[in-house]
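Chemist: Here it is, the structure, as structure tokens.
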């Protein structure tokens, strides 16, 4: 069953809620924005949430404010990093709340992963085909987000998040819940030998032959290129890091196939907006 469900509402920003989590734990908010219900114009129409793509900064701020308010947070809670396709992770304390919400300069620099255990902090990151990864430890009440393009994936940012949660909060891999959000699918994600050489390196040195079948995450083409399944590759990394398979939710949404719902860097020819992933612990809610 698809875990990311579109929240209906004509005048609202399009929000894909991580339904199994928000249904089971009312103290958590988690999901992914679509491309509709915002203030932007082409080619960023209409719910672009990222500054770095060339959209008007005031439009980005307006869209972020609209999303935050719809979720029951404020712009002062919205917290993000400047993503660089690596595996660096920042632990967000109350002092870091709101960094990057109104401009790029104040965000966590060179950061593709964020963790917090502070209620009221809304962690966010930005996408237009890359893979959003979500983490929640219901025992120690900690949440995290990771941005995983192919570079972040082969850098094993998913495993780095599990390790960092253990260091920061005492999280155990078997206690962590994870989710893989809307992103480009193997149906649309063609890559060359350069990318696949890194994937094969990862598979042979980290995953180990007993953990996977190559057919699980790519299909080789006659022209020497491959169709890569980044979602499945990240799922394999999560399991190798100790997360239980039954604790991992995985979307079926492809951002390129459903360009009517999502921005897609590949489908839109490189100039487009960005969706936001988000996760946060609600203030004033009794958590288990």
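Chemist: Looking at region 275-288, which of its residues are at pLDDT 95 or above and surrounded by fewer than 20 Cβ atoms within 10 Å (Cβ to Cβ)?
Modeler: The one that is at pLDDT 95 or above and surrounded by fewer than 20 Cβ atoms within 10 Å (Cβ to Cβ): 282.
Chemist: Now, a different point. Can you name every residue in region 76-110 that is within 25 Å of residue 161 (Cα to Cα) and more than 19 Å from the chain's Cα centre (by Cα)? Before the answer, list the steps.
Modeler: Keep residues of region 76-110 that are within 25 Å of residue 161 (Cα to Cα), which gives 76-101, 104-110.
Residues satisfying the conditions are 76, 93, 94, 95, 96, 105, 106.
Chemist: Residues that are modelled with pLDDT of 95 or more: which strands (runs of 3 or more DSSP E) entirely in region 204-274 hold 2 or more of them? Reasoning before the result, please.
Modeler: Working: elements: 218-220, 226-228, 248-250.
The strands (runs of 3 or more DSSP E) meeting that bar are 226-228, 248-250.
Chemist: While we're here: Those residues that are surrounded by 15 or more Cβ atoms within 10 Å (Cβ to Cβ) and farther than 21 Å from residue 109 by Cβ, I need them from region 49-61; list them, please.
Modeler: Initially, region 49-61 is screened for residues surrounded by 15 or more Cβ atoms within 10 Å (Cβ to Cβ), giving 49-51, 53, 55, 59-61.
Of everything in region 49-61, just one residue is surrounded by 15 or more Cβ atoms within 10 Å (Cβ to Cβ) and farther than 21 Å from residue 109 by Cβ, namely 59.
Chemist: Could you please find all residues in region 165-196 being within 14 Å of residue 117 (Cβ to Cβ) and surrounded by fewer than 23 Cβ atoms within 10 Å (Cβ to Cβ)?
Modeler: Within region 165-196, 166, 167, 168, 169, 170, 175 qualify.
Chemist: With the requirement that a residue be in a helix (DSSP H, G or I) and either within 12 Å of residue 276 (Cβ to Cβ) or in contact with a strand residue (DSSP E or B) (Cβ under 7 Å, 6 or more places away or on another chain) (or both), what does region 66-93 give you?
Modeler: Matches in region 66-93: 66, 67, 68, 70, 71.
Chemist: For region 146-159, check the following and say yes or no: at least one residue is out of contact with any strand residue (DSSP E or B) (no Cβ under 6 Å at 6 or more places or on another chain), surrounded by fewer than 18 Cβ atoms within 10 Å (Cβ to Cβ) and on the phi < 0 side of the Ramachandran plot.
Modeler: Looking through region 146-159, at least one residue is out of contact with any strand residue (DSSP E or B) (no Cβ under 6 Å at 6 or more places or on another chain), surrounded by fewer than 18 Cβ atoms within 10 Å (Cβ to Cβ) and on the phi < 0 side of the Ramachandran plot.
Chemist: For residues in region 64-93 being closer than 18 Å to residue 284 by Cα and without any contact (Cβ under 8 Å) to a residue 12 or more places away in the chain, which is surrounded by the fewest Cβ atoms within 10 Å (Cβ to Cβ)?
Modeler: The selected residue is 69.
Chemist: If I go through region 94-108 residue by residue, how many of them are out of contact with any strand residue (DSSP E or B) (no Cβ under 7 Å at 6 or more places or on another chain) and in contact (Cβ under 8 Å) with a residue 12 or more places away in the chain? Talk me through it step by step, then tell me what you get.
Modeler: Initially, region 94-108 is screened for residues out of contact with any strand residue (DSSP E or B) (no Cβ under 7 Å at 6 or more places or on another chain), giving 94-95, 102-106.
If we keep only those that are in contact (Cβ under 8 Å) with a residue 12 or more places away in the chain too, we end up with 94, 102-104.
Qualifying residue count for the region: 4.
Chemist: Could you check residue 123 against (1) over 23 Å from residue 194 (Cβ atoms); (2) within 14 Å of the chain's Cα centre (by Cα); (3) part of a loop (DSSP other than H, G, I, E, B) and say which number it fails?
Modeler: (3)
Chemist: What number of residues within region 47-63 satisfy the criterion of being in a loop (DSSP other than H, G, I, E, B) and free of Cβ contacts under 8 Å to residues at least 24 places away in the same chain?
Modeler: 1
Chemist: I've got another one for you. Please verify whether residue 21 is under 18 Å from the mean Cα position of the chain (by Cα) and under 21 Å from residue 139 (Cα atoms), treating the condition exactly as stated.
Modeler: Yes: the conditions hold for residue 21.
Chemist: Name the residues in region 220-234 that are buried (at least 20 other Cβ atoms within 10 Å of the Cβ) and within 15 Å of residue 194 (Cβ to Cβ), would you?
Modeler: If the condition is that a residue be buried (at least 20 other Cβ atoms within 10 Å of the Cβ) and within 15 Å of residue 194 (Cβ to Cβ), then 226, 228 are the ones that fit.
Chemist: Ok, one more. What are the residues in region 9-36 that are assigned to a loop (DSSP other than H, G, I, E, B) and buried (at least 20 other Cβ atoms within 10 Å of the Cβ), if any?
Modeler: Those that are assigned to a loop (DSSP other than H, G, I, E, B) and buried (at least 20 other Cβ atoms within 10 Å of the Cβ): 13, 14, 34, 35.
Chemist: Another question about this same structure. Only one of (1) outside any helix (DSSP H, G or I); (2) farther than 30 Å from residue 283 by Cβ; (3) touching a residue at least 40 places away in the same chain (Cβ under 8 Å) is not met by residue 179, so which one is it?
Modeler: Among (1) outside any helix (DSSP H, G or I); (2) farther than 30 Å from residue 283 by Cβ; (3) touching a residue at least 40 places away in the same chain (Cβ under 8 Å), residue 179 violates only (2).
The values are calculated or read from the model by the stated rules, or taken from the named source; none is laboratory data. Because the structure is a prediction, the values reported are computed rather than measured. Neighbour counts are summed over all protein chains in view; Cβ atoms, including those assigned to glycine, are modelled from backbone coordinates with ideal geometry.
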